[in-house]
Amino acid sequence: MDKLLEKFGTIKINLEKLRLAQGMSKNELCYRAEVQRTQLNRYCVGTVTRLDTDVLIRLCYALDCSIGDLLEYVPPEK
């Protein structure tokens, strides 16, 4: 898997940065987005391995942001 990341790059999840910028607690975000705390924590620290579009939609709705604010493509180092 690491070889693929080196070749193609990765996706960075900016959820924690967005949450803090809006002054929103994790509990409030869980409530607004209707996600479990453990799931939210995985997205906040970037340890989620498979992105769930339903969760991403709810996070964008709760944070009033676009998917481009939430996710960022990081190209591979050459």
Reach of LYS7 by Cα under 18 Å, taken over lysines that are not fewer than 8 positions away in the same chain: LYS78
When the accessible area of the chain is computed with all protein chains present and a 1.4 Å probe, what percentage of it is carbon and sulfur? 53 percent
Need one word for the chain: rounded, prolate or oblate. Basis is the Cα gyration tensor (sqrt eigenvalues a ≥ b ≥ c); a/c below 1.5 gives rounded, then a/b vs b/c decides. prolate
Restricting to Cα pairs under 8 Å and 6 or more apart, the percent relative contact order of region 5-78 works out to 55 percent
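The values are calculated or read from the model by the stated rules, or taken from the named source; none is laboratory data. A quick note: this is a predicted structure, and the numbers were derived from the prediction, not measured. The area values use the complete protein model at the heavy-atom level, side chains included, leaving out ligands, DNA and RNA. Shrake-Rupley method; radii C 1.70, N 1.55, O 1.52, S 1.80 Å.
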